[in-house]
Amino acid sequence: MKVFLKYIGKIRENFRRYLYVLAVFTVLSLVGGTQVITQSHIGVQKEYAYLLEIAENQKEYTYKIVEALKFYTGSNDEKNKILDYISVYDKYHFILFNEENKSIGVDEVNERLINKLTPHYNRFTNYSKKLLLIDINDESRAKIFDNLVTTKRFLNDDYDLVISRYHHMLSDKINNLQIIELALAGLTILILLFEVIFIFKPTFEDLSFKNKRITYINKELKESIAEKDQLAEELKAGEEELLQYLEHLNAVNQKLTQSEQELKVKNEDLVSINNALDKFVYSVSHDLRSPIASSIGLISIMRKEENIEVLRQYFNLQEKSLTKLDNFISEILDYSRNARLELSKDEIDLDKMIVDVIDQYSYMDYSETIEKTINVNINQEFYSDSKRLHIVFSNLISNSIKYISHRREHPYIHIDITDYREGIKVIIDDNGQGIAEEHLPNIFQMFYRADNEKPGSGLGLHIVQEIVKKMGGDISVKSVQLKGTTFEVYLPNLKVASQKEMAA
């Protein structure tokens, strides 16, 4: 007895669980039953759709047979085609009314349809086959064909009744199945409501309690998160201040680094300037003292000389020394002015300037033997610094004359000026002594002399390069020793450059 009571107690404890399992099983059974009914519904639809298609085809083939016999001319091909139609027609009739098909003949109406349709079917088939055996010109053919058409009309009316009956039966079965489906669906919904009210209600109450507990915990979590967010914002503010301080330090470091680099560059420039100044002072003192010492020596000799012709020779030598001194001082002044004075923008007559420079050096040795050609072909008004440009042309042309080759039968200097980019390109080409390859990288350095036998300070080409850079241009040289030298100079149009600066 105790064991039995204990067993009953366990059943009570697990009653809700058993009830829940039973409810789930019931719902699944109803759902499965609904699925079976639905599949049956689909099967009925397919079955009747097939029978309706057969009936429609049967009706269509009566029309095909009549039309084929109407135009029958007696050929074997036409006969075979009609026989094929009749064969298919018989096959459809067999499918539609054989004993295995239980859709027709289950009530008196269907039996009457079969009894009414079968004689017409037999007569139609017999007439069709008989017309294939009669000569095409036989007068009786028309009468038989009329009977065939009449039979076809009765037959098709019967087929219409069959099709209508199939539609009616299909509609009835579908309605019955839909009623069963609705009943099963309603029962399923009722069971689900029972489960919700009597089985899941305690569970929902438990879930509601847990949900309230979770809501309370969420509230506490939100408060904790709010405190953490506030702390995070304070930390973020501190980080931003720290980042700003670090950025400030970085900017200060960058400025210090930049200042150190600038100071280093200035120190390097200062060392370079000091070296250049030392070299400049040495060269200037040497080049200034040399003609002065030569003149003083000539004066001492001239005091003791009484022959006028010899004195004239001494005067000529003294004049050359003083001229050399004057040229050197002029070059120093040109170098100084180029570094100090701003650029001027003068309209330049290039033909006239080059002719003036060539005339200026017509006194130089062998100048009259050199063929000089000038070609200025530009399509713009050219503006530049006239004094600086004159110095550039003077140095380059005087060098071409000074270093002309006396071995040439036809020495020449060609000067060609054309438009180039937003300025002009000047090419000064000669067939003089040329410059050795090892000297070419250094010819623009201050006081550098490639030929110590020729007079000169070594300042000319350096001044030319500095002037060209000052005007925003560029200069390059190509030379082959004993063949000649070509200087290419690009000079911008200062008026165009000034207009661009104003527009910017």
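The values are calculated or read from the model by the stated rules, or taken from the named source; none is laboratory data. Just so we're clear, the structure is a prediction, and the values are computed from it rather than from any experiment. These area figures cover heavy atoms from the full protein model, side chains too; ligands, DNA and RNA do not enter into them. Shrake-Rupley method; radii C 1.70, N 1.55, O 1.52, S 1.80 Å.
Some notes on this structure:
- Accessible surface of PHE94, taken over heavy atoms with a 1.4 Å probe and every protein chain present, rounds to 130 Å².
- Across the cross-link table entries LYS64/LYS116; LYS372/LYS495; LYS352/LYS469; LYS402/LYS500, which are compared at the Cα atoms, the separations over 32 Å belong to LYS402/LYS500.
- Cut-off under 5 Å, modelled amide H: who pairs with LYS372 long-range: ILE413
- Surface exposure of segment 369-414, expressed per residue as accessible area with a 1.4 Å probe, stands at 51 Å².
- Whole-percent carbon and sulfur share, accessible surface of segment 367-504, 1.4 Å: 47 percent
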